[in-house]
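K.L.:
Dropping the structure in here first, questions after.
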Amino acid sequence: MVAYTARRLMLAIVVLIGMSLMTFYISHAIPGDPARLASGAHAKAEQVESLRVQMGLDKPLPVQYMIYMKGIISGDLGTSVSTRRPVADELKEYLPATIELSVFALIISVVAGVFFGIVSAVRRNSALDHFLRVFSLVGASIPVFWLGLLFLIFFYKQLNVLPIGGRIGIGINPPTKATGLYIIDSILSGDGIALKSSISHLVLPSITLGYSSMGVFTRMARSCVLEVLSADYIRTARAKGLKETIVVYKHALRNAILPLITLVGLQFAYLLGGTVLTETIFSWPGLGSYSVTAITNLNFPAIMGVTLTITTLFVVINLITDLCYAIADPRIVYK
Amino acid sequence: MKKALLIILASAMALSFLAGCGNSNNQNQQSGGSEGGVKNPGIVVIASDSEPTLLDPHIAYDPMSSNAILQTYETLVVYEGETSEIVPFLAKDWEITEEGKVWTFYLRDDVNFSDGTPFNAEAVKVNFERILDINQGPAWIFDMVVDVEAVDEFTARFTLEYPYASFLHGLASGNGGVFISPKAIHDNAVDGDWAQAWLRDNMVGTGPYMLESWVIGQGWSMVQNPGYWRGWEGEHVEKIELRVIKESASRMLMLENGDADFAENITRDTLDQLFDNPDVVVLQKPSINVLNICFNNTRGALQDKLVRQAMSYAFSYDDAVFGIYTGRASYQTGAMANGVWGFNPSLERYETNLEKAKELLEQAGYPGGGGLRFTCQTETGADDYGKVVELFQSDMAKIGITIDIQVLSWATIADMLQTPEGAADMFITGVYPDFPDPDNALYAQFHTSGIGNINQSFYMNEEVDKLLDQARRTIDDTEREALYYEIQTIVNEDAPCLFVLVRDMMQTYRAWVNGYVYNPFVTRTYYPISK
């Protein structure tokens, strides 16, 4: 397992270099002059030139790339063109927000999706099965921005029980930063007000995002469990007189779990990179909104930073997913 | 199973315990709450679609940065109330000598920075040295300053390269001409960077509010500066909080629910819903922000002013003002809004006249449009601009001119506009003068030296260049006014752009907000505001 992991990590470096090369050249091929944008419309040619030199944009592209890669080794992802702040510092603010939202959305979609899938499989072709299938299908088909707005109108405007957006309430300071994940940081610092506020701010965006990917889990869990339920060992388990819940959750689900693990990995990576709309609707300050602003402002270092971060997360999540197979199924051995 | 249930229960109990207990970071803080029906009393909450790019007042040059900067940093002079009259502020008086080349300011002696250090002539000198040395963002407004001298502790003297009549406006506008504590600059400078890295996220000024926190992506909050020189008698809010709320609909909901006191940039199509709400004020005021379709004056048939005039006569101004902008705009006569001092009231506005447009095209040698075809660019995401350009396209078709619309990101358009050869035939743009003076509204836009930055129609007229140079060096207002009248007449006749309209300023806020004074020329400050 250790050798396998090491090999995969080596391959990941190759993937990251390839991705950085592609993103670097594609983003620099976009017509536009970041130095001109950052200097403002009134800036004279010499002011723009001076900023261009300061940003290193006057050098040939291969040289710029080498400088950038050299910086990465020492943890320097460059400086944001618009805010003049180190990109690494900005990612430290935005990435935890996206991770927090994605993790909660994933928990919601996995727990609800797998549970609904099992119920559907066990109660195959019943009214409940049909209802859950339609419910899941609606989640997968409904546009996130529309669902988000409906939630806001109902829970914020009509009932006024949940906040409209952001990560924390008006007049409340964010918890002392340790991880950047507000819920964890609130617990670590014993900040009850921040914890309560963070949880209430997370409810609507994570349900909105989670509901959209829940349908996939429901469908997958249903078909996997159905397949396993017709296996001989399930009949044997039932014949032994085991309780139906033990048959379903211990014997059937355990054997149906491999495809679900793959799906969890894929969906988590998808959620991390695909939260733009949810973040916009709920003013969630995550990587999605950061990357949109970066692209609009031709903020090359920020675009590179976001791309490399998401690529790294994809690679790591895929690796963890593969390693989880061995844990879930002892028959799988990595050499 | 039972074990798992126990763990979940224990966690839930721990969370509820924590939720109920106090803490160090949020002690004595209450979110929400109301007093006499007023939500969040003591805090003014602004729901905004964006946040500052950075907080260094000598580099930042965008409205959202100014919105934060001008709560903490102050200017020597300010605009009085809703007017463009300039009155003393950090400077209690000033005098102009040597025919406008030397400006001497007598400073107040009771002003301190929020770090306790005094504001004095040395602070003025250090700050202007910083602006000119960094030479970014708003520095161009002061590029005629050659020397700043501290004559005595409270007298600062500016020497200009040439007499510059708009110098006071430049100081009053709040763009760049504000003062950071020299101690903060000195203490936080790294390798002679004038503390640029530190001042990107920190503020030490003389203003009424101090930065409490700025969480990027979420917004900032400011609290009262206890030693503020104007004092805290009367009613003022204790705290200002800006929340980044990306969606216009969400900002509107916050305003309706009373969670926001000001909602910025509510889209025009949703504003109507707020007019009948007695708890919300929708303020509509004339502004000086004009909308132009800039012709590339160096390109083919567009070099001929008759063609440009013809297009100006063919446009349906009524449809733009009352249709697209639903009456929240006014007609524009000439190159600048009539709210700017020096506006020439005798100018003739281009009114829709298709017959005249056709005649002019014929005179130019393009009868029936003569197969003229142009590309007009508009920027991605600017819905209003897109609608105006579509209207322009259909109007030009009436006189036989074909317009191809190209939608591109502003970054791409701005890059193309650096040279006349690279620029498209025309593009639509909003023009926001930094201060209400014709020099600011006209010089960069129509002087040949502005090509490559603000002169985006690539307009070149030697006579206009000469008059613009003369006007900016003329101190006598009557003489200046006459010169600007003449400039506007020539520019209007040349029609380098199609002057579409002047957009009204729309501001939405809760009716419980008191003391709000709208001035079209400067960023809102929250010191006079209470709830």
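K.L.:
Looking at region B:412-439 only, could you name the residues that are farther than 23 Å from B:Lys387 by Cα, at the interface with chain A (Cβ under 10 Å from one of its Cβ atoms) and at pLDDT 90 or above?
P.N.:
B:Gly422
K.L.:
Here is a list of conditions, (1) surrounded by 12 or more Cβ atoms within 10 Å (Cβ to Cβ); (2) over 17 Å from A:Leu298 (Cβ atoms); (3) more than 14 Å from chain B (Cβ to nearest Cβ), and A:Ile13 meets all of them except one; can you say which number that is?
P.N.:
Against the list (1) surrounded by 12 or more Cβ atoms within 10 Å (Cβ to Cβ); (2) over 17 Å from A:Leu298 (Cβ atoms); (3) more than 14 Å from chain B (Cβ to nearest Cβ), A:Ile13 comes up short only on (1).
K.L.:
Any residue in region A:292-305 that is of a type in the set (Ser, Thr, Tyr), farther than 30 Å from B:Asp49 by Cα and at pLDDT 85 or above? Don't jump to the end; show me each part of the working.
P.N.:
Keep residues of region A:292-305 that are of a type in the set (Ser, Thr, Tyr), which gives A:293, A:296.
When the remaining residues are screened for being farther than 30 Å from B:Asp49 by Cα, the result is none.
No, region A:292-305 contains no residue that is of a type in the set (Ser, Thr, Tyr), farther than 30 Å from B:Asp49 by Cα and at pLDDT 85 or above.
K.L.:
Filter region B:395-411 down to residues that are in contact with a helix residue (DSSP H, G or I) (Cβ under 7 Å, 6 or more places away or on another chain) and within 12 Å of chain A (Cβ to nearest Cβ) and give me whichever is surrounded by the most Cβ atoms within 10 Å (Cβ to Cβ).
P.N.:
Checked region B:395-411; the qualifying residue surrounded by the most Cβ atoms within 10 Å (Cβ to Cβ) is B:Ala411.
K.L.:
Another question, if that's okay. Could you say whether any residue in region A:1-23 is over 30 Å from A:Arg331 (Cα atoms) and among the aromatic types (Phe, Trp, Tyr)?
P.N.:
no
K.L.:
Is it true that A:Pro330 is at negative phi, at pLDDT below 90, touching a helix residue (DSSP H, G or I) at 6+ places or on another chain (Cβ under 9 Å) and away from chain B (no Cβ under 14 Å)? Steps first, answer last, please.
P.N.:
Values: at negative phi: yes; at pLDDT below 90: yes; touching a helix residue (DSSP H, G or I) at 6+ places or on another chain (Cβ under 9 Å): no; away from chain B (no Cβ under 14 Å): yes.
For A:Pro330, the condition - at negative phi, at pLDDT below 90, touching a helix residue (DSSP H, G or I) at 6+ places or on another chain (Cβ under 9 Å) and away from chain B (no Cβ under 14 Å) - is not met.
K.L.:
If I ask for residues that are in contact (Cβ under 8 Å) with a residue 24 or more places away in the chain, touching a helix residue (DSSP H, G or I) at 6+ places or on another chain (Cβ under 8 Å) and of a type in the set (A, V, I, L, M), which ones from region B:421-456 would you list?
P.N.:
Those that are in contact (Cβ under 8 Å) with a residue 24 or more places away in the chain, touching a helix residue (DSSP H, G or I) at 6+ places or on another chain (Cβ under 8 Å) and of a type in the set (A, V, I, L, M): B:Ala423, B:Ala424, B:Met426, B:Ile428, B:Val431, B:Leu442.
K.L.:
Here's something else I'd like to know. Tell me which residues, restricted to region B:236-288, are basic (Lys, Arg) and away from chain A (no Cβ under 14 Å). Spell out the reasoning first.
P.N.:
Going through region B:236-288, the residues basic (Lys, Arg) turn out to be B:239, B:243, B:246, B:251, B:268, B:285.
Scanning region B:236-288 gives B:Arg268, B:Lys285.
K.L.:
Right, here's the next one. Of everything in region B:241-271 that's surrounded by fewer than 23 Cβ atoms within 10 Å (Cβ to Cβ) and hydroxyl-bearing (Ser, Thr, Tyr), which residue is modelled with the lowest pLDDT?
P.N.:
So, considering only residues that are surrounded by fewer than 23 Cβ atoms within 10 Å (Cβ to Cβ) and hydroxyl-bearing (Ser, Thr, Tyr), the one modelled with the lowest pLDDT is B:Thr270.
K.L.:
Only one residue in B:Ile293, B:Ile288, B:Ile324 is β-branched (Val, Ile, Thr), crowded, with 17+ Cβ neighbours inside 10 Å and in contact with a Pro (Cβ under 7 Å, 6 or more places away or on another chain). Which one?
P.N.:
Values: B:Ile293 fails: in contact with a Pro (Cβ under 7 Å, 6 or more places away or on another chain); B:Ile324 fails: in contact with a Pro (Cβ under 7 Å, 6 or more places away or on another chain).
After ruling out the rest, the residue left standing is B:Ile288.
K.L.:
Among the residues of region A:65-114, what is the count of those that are under 23 Å from A:Glu279 (Cα atoms), away from chain B (no Cβ under 11 Å) and either touching a strand residue (DSSP E or B) at 6+ places or on another chain (Cβ under 8 Å) or of a type in the set (Asp, Glu) (or both)?
P.N.:
Adding up the residues that qualify gives 2.
K.L.:
Might you let me know whether region A:166-177 holds any residue that is exposed (fewer than 15 other Cβ atoms within 10 Å of the Cβ), of a type outside the set (Phe, Trp, Tyr), within 10 Å of chain B (Cβ to nearest Cβ) and more than 30 Å from A:Ala231 (Cα to Cα)? Reasoning before the result, please.
P.N.:
Residues of region A:166-177 exposed (fewer than 15 other Cβ atoms within 10 Å of the Cβ): none.
No, the conditions are met nowhere in region A:166-177.
K.L.:
Same structure again: Residue check: is B:Pro438 surrounded by 23 or more Cβ atoms within 10 Å (Cβ to Cβ) and in contact with a Lys or Arg (Cβ under 9 Å, 6 or more places away or on another chain)? I'd like the intermediate steps shown before the answer.
P.N.:
Details: surrounded by 23 or more Cβ atoms within 10 Å (Cβ to Cβ): yes; in contact with a Lys or Arg (Cβ under 9 Å, 6 or more places away or on another chain): yes.
Taking the combined requirement at face value, the residue satisfies it.
K.L.:
Which pairs turn up if I take residues in region B:184-197 that are within 14 Å of chain A (Cβ to nearest Cβ) and farther than 15 Å from B:Ile59 by Cβ and look for partners that are surrounded by fewer than 20 Cβ atoms within 10 Å (Cβ to Cβ) and of a type outside the set (D, E, K, R) with beta carbon separation below 7 Å, at least 6 apart in sequence or on another chain?
P.N.:
So the pair list comes out as B:Val190/B:Ala197.
K.L.:
While we're on this one: Considering only region A:37-44, I want to know if a residue exists there that is within 14 Å of another protein chain (Cβ to nearest Cβ) and touching a residue at least 24 places away in the same chain (Cβ under 8 Å).
P.N.:
There is at least one residue in region A:37-44 that is within 14 Å of another protein chain (Cβ to nearest Cβ) and touching a residue at least 24 places away in the same chain (Cβ under 8 Å).
K.L.:
Could you identify the single residue in B:Asp494, B:Asp504, B:Asp469 that is touching a Ser or Thr at 6+ places or on another chain (Cβ under 8 Å), in contact (Cβ under 8 Å) with a residue 12 or more places away in the chain and acidic (Asp, Glu)?
P.N.:
So the residue among B:Asp494, B:Asp504, B:Asp469 that is touching a Ser or Thr at 6+ places or on another chain (Cβ under 8 Å), in contact (Cβ under 8 Å) with a residue 12 or more places away in the chain and acidic (Asp, Glu) is B:Asp504.
K.L.:
Could I ask something else about it? Assess whether A:Phe314 counts as being within 30 Å of A:Tyr156 (Cα to Cα) and either surrounded by fewer than 23 Cβ atoms within 10 Å (Cβ to Cβ) or among the aromatic types (Phe, Trp, Tyr) (or both).
P.N.:
On the way: within 30 Å of A:Tyr156 (Cα to Cα): no; either surrounded by fewer than 23 Cβ atoms within 10 Å (Cβ to Cβ) or among the aromatic types (Phe, Trp, Tyr) (or both): yes.
Judged against the criteria, A:Phe314 is not a match.
K.L.:
When you scan region A:235-334 for helices (runs of 4 or more DSSP H) that lie fully inside it, which ones turn up with 3 or more residues that are over 16 Å from the mean Cα position of the chain (by Cα)?
P.N.:
Working: elements: A:253-273, A:276-281, A:287-296, A:300-328.
Here the list reads A:253-273, A:287-296, A:300-328.
K.L.:
Which residues, taken from region A:182-212, are in contact with an Asp or Glu (Cβ under 8 Å, 6 or more places away or on another chain) and either small (Gly, Ala, Ser) or more than 14 Å from chain B (Cβ to nearest Cβ) (or both)?
P.N.:
The one that is in contact with an Asp or Glu (Cβ under 8 Å, 6 or more places away or on another chain) and either small (Gly, Ala, Ser) or more than 14 Å from chain B (Cβ to nearest Cβ) (or both): A:Ala194.
K.L.:
Continuing with this model, one more query. State whether the residues of region A:122-141 include one that is surrounded by fewer than 16 Cβ atoms within 10 Å (Cβ to Cβ), of a type in the set (Val, Ile, Thr) and within 14 Å of chain B (Cβ to nearest Cβ).
P.N.:
no
K.L.:
Exactly one condition in (1) without any contact (Cβ under 8 Å) to a residue 12 or more places away in the chain; (2) closer than 24 Å to A:Leu95 by Cα; (3) among the charged types (D, E, K, R) is false for A:Asp191; which is it?
P.N.:
It fails just one condition, (1).
K.L.:
Listed residues A:Gly215, A:Gly241, A:Gly273, A:Gly265; which is at pLDDT below 85 and either more than 30 Å from B:Thr380 (Cβ to Cβ) or away from chain B (no Cβ under 14 Å) (or both)?
P.N.:
On the way: A:Gly215 fails: at pLDDT below 85; A:Gly241 fails: at pLDDT below 85; A:Gly265 fails: at pLDDT below 85.
Step by step, each of A:Gly215, A:Gly241, A:Gly273, A:Gly265 is checked, and only A:Gly273 is at pLDDT below 85 and either more than 30 Å from B:Thr380 (Cβ to Cβ) or away from chain B (no Cβ under 14 Å) (or both).
The values are calculated or read from the model by the stated rules, or taken from the named source; none is laboratory data. Because the structure is a prediction, the values reported are computed rather than measured. All Cβ positions, glycine included, derive from the backbone under ideal geometry; neighbour counts span all protein chains shown.
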